[in-house]
């Protein structure tokens with residue numbers, strides 16, 4: 001075997017370099033217009049005015065100021081191994097929430113906390129706190145938690161109004177979609193006065209529709225106006241795939257601001273009613289009834305005191321009770337119409353209920369009561 005000397009290797013490398021240079025020279029001579037390969041980074045182009053647009057800066061300012069008011073909620077379940085008796089905490093899902101006050105109350109969706117038996121809240125600085133459930137309102141998909149955090153760490157969001165919103169207004173959503181903390185999306189109000197169903201199938205009225213991207217994990221987070229005021233709680237999306245399709249819904253802040261004090265005081269909604277049990281919509285349709293048929297009235301309840309008649313059985317068969325066809329002049333065709341009408345009242349209000357019975361129509365005054 002012949003061993004190459006270092007001099008031979010050096011000569012071979014030099015010949016390769018010369019050959020490469022010769023090939024490059026020939027290629028350049030045949031392509032005289034070809035640009036030289038850049039060896040330095042390109043220069044940075046400056047903005048014409050060296051400033052962000054006013055709308056951009058306003059969005060940045062709102063996020064910078066109020067992102068610390070948004071929290072990440074993890075719902076946990078505790079499981080015990082029957083063999084070893086070891087206790088394991090299993091995450092059931094995540095969502096978002098907002099700081100309501102400096103006492104440590106957090107507002108979120110009911111469906112965010114209903115999946116587990118305990119919750120953990122993470123503030124935007126990364127600190128975690130165990131949370132206790134103060135109260136829930138499944139009918140409105142709202143819940144209030146409490147954490148023992150220092151007041152200086154808690155920045156409550158300013159409260160806006162939803163009654164005077166306009167389609168086209170700019171909105172901002174902050175949350176934790178897919179576990180990605182402190183995500184900002186923007187859009188506009190796409191529609192007002194929408195209606196969605198809660199976990200209990202009761203209607204949530206006057207819901208805000210937005211095209212701001214809302215994905216799993218955004219639930220319970222705030223929808224803000226351009227001034228950073230709370231105008232809704234992001235609660236649902238409409239999407240065949242389960243991801244954002246440009247149609248999101250938020251519980252309006254006027255509803256939130258009415259429900260949260262009740263949850264803080266009672267742990268539940270003081271739900272308005274008139275003390276009746278009603279027939280299901282399919283049964284009413286089967287009986288060719290356009291309205292809400294009263295099956296029973298609660299003893300000493302508001303309906304009984306007002307003289308509303310329940311369905312009763314006689315020797316000749318069943319005698320249908322009063323059929324509610326209007327409340328305060330608003331037509332009632334099905335159960336959700338009645339629920340929506342009563343939700344406009346507070347306990348103690350007097351509602352005018354119009355009923356139909358055996359072809360006779362009459363209006364009665366009913367004092368709205370609290371129902372479970």
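Only the coordinates and a few stated rules stand behind these numbers; no lab work does. Model, not experiment: these values are computed from the prediction. Here Cβ is always computed from backbone atoms with ideal geometry, including for glycine, and neighbour counts include all displayed protein chains.
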- Message: Just to verify a number: FRET efficiency for residue 360 and residue 166, C-beta to C-beta distance, R0 = 45 Å, to 0.05?
- Response: 0.50
- Highest mean first, what order results for 154-163, 65-74, 305-314 on Cβ atoms within 10 Å? 65-74, 154-163, 305-314
- Note on the structure: Kirkwood-based Rg/Rh on the Cα set of segment 283-361 evaluates to 0.97
- Relative packing of 197-207, 128-138, which averages over residues the other C-beta atoms within 10 Å, highest first: 128-138, 197-207
- Query: Given a Förster distance of 45 angstrom, what is the FRET efficiency for residue 148 paired with residue 58, based on the Cβ-Cβ distance and rounded to 0.05?
  - Reply: 0.80
- Once label points are set 7 Å from the Cα along Cα→Cβ at both residue 49 and residue 266, what is their separation, rounded to one decimal in nm? 5.3
- Work out the FRET efficiency for residue 159 and residue 37 from their Cβ-Cβ distance, taking R0 = 56 Å, and round it to the nearest 0.05. 0.40
- Message: Multiplying the sequence separation of residue 285 and residue 115 by 0.36 nm and subtracting their Cα-Cα distance, what value in nm do you get?
- Response: 57.7 nm
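How much of the pair distance distribution for segment 176-232 lies past 13 Å, counting alpha-carbon pairs only, in percent?
The share of Cα pairs beyond 13 Å in segment 176-232 comes to 67 percent.
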- Message: For q values of 0.10, 0.17, 0.18, 0.20 Å⁻¹, compute log₁₀ I(q)/I(0) with the Debye formula on a Cα-only model of segment 170-269, without solvent.
- Response: -0.26, -0.74, -0.82, -1.00
- Modelled label-to-label distance, residue 102 and residue 367, 7 Å Cα→beta-carbon offset: nm? 4.2
- Each label point is 7 Å from the Cα along the Cα-to-Cβ direction; what then is the distance between the points at residue 15 and residue 349, in nm? 9.9
